[in-house]
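I have placed the structure first, in the form of structure tokens, so that the comments after it can refer back to it.
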Amino acid sequence: AVLGANDGLVSTASLMIGVAAVRSEQSFLITAGAAGIAAGAMSMAVGEYVSVRSQNDIEESDRLLEIEHLALDPDGEFEELVHIYIERGLSRELAVQVATEMHKKDPLEAHLRDELGHHPHSKAHPVQASVASALSFAIGGFVPFLAVFAPSVGKISISIIAFTMAGLAIAGFVGARIAGSRVIVPTLRVLIGGCLGMAITAGIGQIFHATVA
């Protein structure tokens, strides 16, 4: 959600600043901003759905492959599990004991978890991920969009940049807190990346404006 909001902030702000470099009429910026938010949110939703759905398909293929391996070579699969536990620091005797108990309970679950890293509680849901990405992008994109309606000193792009910088700072702060890391460096990273994106897009807008002129 934090990444989606950050994407919405940078994408929408960059689009609106690029457009403002050519045409600064409020009605035109409103249309461009709304279209950018809608298109970006739908793109994020579709992209996230396809990505998560593909990951789920891969995990299902891995599951079927493990079922086949356990049926064809149970001893080999047992030794593979023992080797995994040995690499994690257990003695061979203890690794054999653990693998034996795991195979007694549910060998497929043990191999999916310890060999492939599949955990049922962390399995992503395509629709949930899709909706979350779309909403977070739209929320992030709405911040620079609001700048069009705010009183501005000079060019309206100044308001867009100010609103976006505030949104990026919040996104960077929240992301750092969720990750449990220090706040300053991640927040500065988000701010610098966002400013770079806006500067490049504004430059492109100026180039096209000069070409049209």
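The values are calculated or read from the model by the stated rules, or taken from the named source; none is laboratory data. A quick note: this is a predicted structure, and the numbers were derived from the prediction, not measured. Every residue, glycine as well, gets a Cβ built from its backbone with ideal geometry; the counts of neighbours run over all protein chains shown. To get the accessible areas, we keep the full protein, side chains included, count just its heavy atoms, and leave off ligands, DNA and RNA. Shrake-Rupley method; radii C 1.70, N 1.55, O 1.52, S 1.80 Å.
Just the number, please: Stokes-Einstein D of segment 36-152 in µm²/s, Kirkwood Rh from C-alpha pairs, 4 °C, 1.567 mPa s. Taking Rh from Cα pairs, D becomes 74 µm²/s. Candidates ALA71, MET198, ALA138 compared by Cα position along the dipole of the chain: farthest toward the positive end lies MET198, with charges placed on Cβ.
With all protein chains present and a 1.4 Å probe, how do VAL46, VAL98, VAL82 order by accessible area, largest first? Let's see the in-between values first.
Details: VAL46 95, VAL98 45, VAL82 0 Å².
In descending accessible area the options line up as VAL46, VAL98, VAL82.
Dividing the Cα radius of gyration of the chain by its Kirkwood radius returns 1.22 for Rg/Rh.
For the chain, averaging the sequence separation of C-alpha pairs within contact (under 8 Å, six or more residues apart) and dividing by the residue count gives a relative contact order of 40 percent.
Taking label points 7 Å from Cα along the Cα-to-Cβ direction, ILE86 and LEU146 give a separation of 6.0 nm. Give the Debye-formula value of log10 I(q)/I(0) at each listed q (0.20 Å⁻¹), with one equal scatterer per alpha carbon of segment 8-82, two decimals each. Rounded to two decimals, the profile gives -0.86. Net charge in the neighbourhood of SER54 (other residues with Cβ under 14 Å of its Cβ; Lys, Arg +1, Asp, Glu -1) is -3. Of the residues THR187, THR100, ranked by 1.4 Å probe accessible area with the largest first, the sequence reads THR100, THR187. Taking 29 Å as the straight-line reach from the Cα of LYS123, the lysines in range (excluding those fewer than 8 positions away in the same chain) are LYS104, LYS105.
Once each of the trypsin sites (Lys or Arg not before Pro) sitting in a DSSP loop with at most 14 other beta-carbon atoms within 10 Å is removed, the chain keeps 24-87 as its longest stretch. Within the listed set GLY40, GLY194, GLY76, the residue fluctuating most in the Gaussian network model of the chain (springs between alpha-carbon atoms under 10 angstrom) is GLY76.
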